[in-house]
Amino acid sequence: MNNKIKILHCSDLHIGAELSFLKNKSKSRRAEVLNTLNRITMMCLQQGIELLIIAGDLFDSNHIDSQTLTAVKSMFAAIPDTIVAIVAGNHDYFAVDSPYSDDDWSPNVSIFFKKFSTIEFPKKNLRLCGSSFLGSYQESSGSELNVPDDDMINILIYHGDLVTNNQSSKYNPVTINELENSRFDYVALGHIHSATPLAKAGNTTYAYSGTPDGNGFDETGKKGVYTGYVYKHRTELAFFPTSSRLYENVSFDITSLTSNSGIAKSIINKLETLYGAEYQDNLYKITLTGKTPEGFLPSRKSITTELQDTLYYVSVINQSTPDTDIKILSSDFSLKGIFVKKMLAKINACENEAEKEMHEKALYIGLKAFDREVSFYEN
C-alpha cells in the first residue's frame, strides 16, 4: 500500500488575462504566462510528479480562445503518468459553456464538476476531494468538508477564502476549525495570489501556493508552486519559484538630482543592485519621492522613455515635491498664496491617486509659471 504521493500544487495562473495596461507587450506577456504552465508540466515529467493539483482559476475566464485551450490540453496530455486534478475557481467557474465541459481532455485529467465531490485512486491509496465554483460567487461555508477516518491519503483541493469563525466571504469561505475537523492530510488552497507557509490544523496541513507567475503590480516578488510528498497526517513540501518575470514596486528618492537623465541613470543603478544581472527582465512601477531643487520639475515622460531603452516594462509615478514650504506659501496674502491655497483644497478633495498626482503637478507647474520659468509644454 502506498504511504505517500508526490505532488505539485499550483493555482491562479489566470491564463488568457488581458493585461491591457502592458499595451503592446500584453500579447507576449500572455504567451509567457501560458509557457509557465508548460514549464510546470515539464517539471512533472522530469521529477516524476504523480499528482498535479490546480486549485482554481487556471483560466482568467470561461472565454478562452481555441488556440490557447488546445495548447493547455496538449500540455496535460504530454504527462500521461501524472494525475491532473482541477477545480474551477471564481474566474473560470464550471458552467455548460466553460472549457471544463469539453469532452476531449486527456484521460489523466480529473475535473471536479460540483461544489464538493470525491474521486478515488485505489492503486495509489489516494482520495481526492474538490470544491469547484459554479458561479462567480459561492458564499456557503465548508462545513460539509470531511472524509472517512481510514488509511487512504486524503487531499482536498479548495479554491476560496480562509476565514475566521464569524467572518463571511463571497468566495467559498472555509475556517481553520473546519479544516481541523475534516480529516484531510493536505488541503491545497487557491484564490490568494501570494504563497503562504505550510500550516497545520490538527493533523491537516494546508497552504496557498499563490500564482505561479504574476499578472500585476499587486503580485510582487517571486511566485511559484509547492512540490514534494504528502503522507498520512504529514507533508514534506517545498516552495519552488516559477515566475518568468517579476513585478516590482520600487520607491526612489530623487533628492539632490537635477536632471531627468541623471534620475534615469540612478534608477538603473539601483535596480541592478537590488535585482542582479536579470534586473532588465522585470516589470517595474517606479515612484519618485523626495525634494527637487527650485526650478526643476521632473518629466515622467522623459524619464520613462530613457528607462524603456533598458527595461522590459516600466511605469513612473512622480510623488516628489519642490523644496518649497507649500503651507507657508498658502498663508501668504498674495496672488501666488491664493493660488496655492485653492490648489491644496483641490488636492485634498481628490478621490484617487491619479487625480491627486495630476493636481499636484498642476500646482508645481503653476508655481514655476509665477516665477516665469515654465514653457508651453510641460510633461
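The values are calculated or read from the model by the stated rules, or taken from the named source; none is laboratory data. All values derive from a computational prediction rather than experimental measurement. No Cβ is skipped: glycine too gets one built from the backbone with ideal geometry, and neighbour counts run over all protein chains shown. Heavy atoms of the whole protein, side chains included, go into the accessibility calculation; ligands, DNA and RNA do not. Shrake-Rupley method; radii C 1.70, N 1.55, O 1.52, S 1.80 Å.
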Here the longest stretch of the chain that holds no chymotrypsin sites (Phe, Trp or Tyr not before Pro) in a DSSP loop having at most 10 other beta carbon atoms within 10 Å is 1-332
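Give me the percent of accessible area attributable to carbon and sulfur for segment 127-264, probe 1.4 angstrom. Please list the in-between numbers first.
On the way: 2610 of 5520 Å².
That share works out to 47 percent.
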Taking placed amide H atoms and a strict 5 Å upper bound, the residues 5 or more places from Thr287 or on another chain that come that close are Val250, Ser251, Phe252, Ile317
Binned at 10 Å starting from 0, the alpha-carbon pair-distance distribution of the chain in whole percents comes out as 5, 21, 24, 18, 14, 11, 5, 1, 0
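Which whole-number percent gives the relative contact order of the chain, counting Cα pairs below 8 Å spaced six or more residues apart?
Working: 821 pairs, mean separation 46.2, N = 379.
Relative contact order for the chain comes out at 12 percent.
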Within the set Ile268, Ile53, Ile15, GNM on the chain using Cα springs under 10 Å gives the largest fluctuation to Ile268
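Tell me the GluC sites (Glu not before Pro) within segment 88-166 that lie in a loop according to DSSP and have at most 16 other beta-carbon atoms within 10 Å. Walk me through the intermediate numbers first.
Working: sites: Glu120, Glu139, Glu144; in loops: Glu139, Glu144.
Within segment 88-166, the qualifying GluC sites (Glu not before Pro) (loop, at most 16 other Cβ atoms within 10 Å) are Glu139, Glu144.
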The alpha-carbon center of segment 119-196 and that of segment 1-40 are separated, in whole Å, by 22
Counting only protein heavy atoms and rolling a 1.4 Å probe, one gets per residue an accessible area for segment 34-158 in Å² of 42
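Expected output is a single nm value to one decimal: the length gained when fully extending between Lys301 and Ser251, i.e. 0.36 nm times separation in residues minus the C-alpha distance. What is it? Please report the intermediate quantities before stating the final value.
Numbers: separation 50, 0.36 × 50 = 18.00 nm, distance 1.74 nm.
Extra length available between Lys301 and Ser251 comes to 16.3 nm.
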Treating only Lys and Arg (+1) and Asp and Glu (-1) as charged, each at its beta carbon, one finds that the chain has a dipole about its Cα centre, in Debye to the nearest 20, of 560
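Leaving out ligands and nucleic acids, note down the accessible area per residue over segment 233-354 with a 1.4 angstrom probe, in whole Å². Could the numbers behind the result be given before it?
Working: 6820 Å² over 122 residues.
Using a 1.4 Å probe on heavy atoms only, each residue of segment 233-354 averages 56 Å².
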Computed for segment 148-258: size of charge dipole around the Cα centre, +1 on C-beta of each Lys and Arg, -1 on C-beta of each Asp and Glu, debye to nearest 20, value 100
Residues whose built amide H sits under 5 Å from the amide H of Ser110, excluding neighbours closer than 5 in sequence, are Val84, Ala85, Ile86
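Name the trypsin sites (Lys or Arg not before Pro) in segment 165-218 that are in a loop by DSSP and that have at most 14 other C-beta atoms within 10 Å, would you?
Values: sites: Lys170, Arg183, Lys200; in loops: Lys170, Arg183.
Answer by residue number: Lys170.
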Projected onto the charge dipole of the chain (unit charges on the beta-carbon of Lys, Arg, Asp and Glu, signs +1, +1, -1, -1), the Cα from Ile153, Ala55, Ile263 with the largest positive-side position is that of Ile263
Here, trypsin sites (Lys or Arg not before Pro) of segment 228-314 satisfying both criteria (DSSP loop; at most 16 other Cβ within 10 Å) are Lys232
The chain, Gaussian network, Cα under 10 Å: of Thr292, Thr41, Thr242, the residue fluctuating most is Thr292
For segment 262-272, Karplus-derived ³J(HN,Hα) couplings (6.51, -1.76, 1.60; θ = phi - 60°; whole Hz; x for glycine and proline) come out as x, 5, 4, 5, 5, 4, 4, 4, 5, 5, 5
Any lysines whose Cα falls less than 20 Å from that of Lys6, other than same-chain ones fewer than 8 residues away, would be Lys123, Lys124, Lys200, Lys232
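Using a Förster radius of 51 Å, what is the FRET efficiency between Gln46 and Glu18 based on their Cβ-Cβ separation? Nearest 0.05, please. The partial results should precede the final answer.
Values: r = 32 Å, r/R0 = 0.63.
After rounding to 0.05, the efficiency reads 0.95.
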Applying the gyration tensor rule to the Cα atoms of segment 51-205 (axes a ≥ b ≥ c; rounded if a/c under 1.5, else prolate if a/b exceeds b/c, else oblate), the class is oblate
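Considering only Cα-Cα distances, which of the following residue pairs are longer than 20 Å: Lys265/Lys291; Lys4/Lys73; Lys341/Lys361? Intermediate values should be presented prior to the final figure.
Values: Lys265/Lys291 18 Å; Lys4/Lys73 27 Å; Lys341/Lys361 15 Å.
The answer is Lys4/Lys73.
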For segment 83-88, in residue order, the Karplus 3J(HN,Hα) values (coefficients 6.51, -1.76, 1.60; θ = phi - 60°; whole Hz; Gly and Pro = x) are 6, 9, 10, 10, 10, 7
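Divide by every residue of the chain the summed helix terms, -39500 (n - 2.57) for each DSSP H run of at least 4, and state the resulting mean residue ellipticity at 222 nm, rounded to the nearest 500 deg cm²/dmol. Working shown, then result.
Working: 8 runs with 101 residues, N = 379.
When only DSSP H runs of four or more count, the value is -8500 deg cm²/dmol.
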Dipole check, the chain, charges on Cβ (K,R +1; D,E -1), about Cα centroid: among Ser315, Gln46, Phe339 the Cα furthest to the positive pole belongs to Phe339
Out of Met358, Met75, Met43, a Gaussian network model of the chain with alpha-carbon springs under 10 Å gives the largest mean-square fluctuation to Met358
Distance in Å, no decimals, from the C-alpha centre of segment 259-281 to the one of segment 201-216 is 32
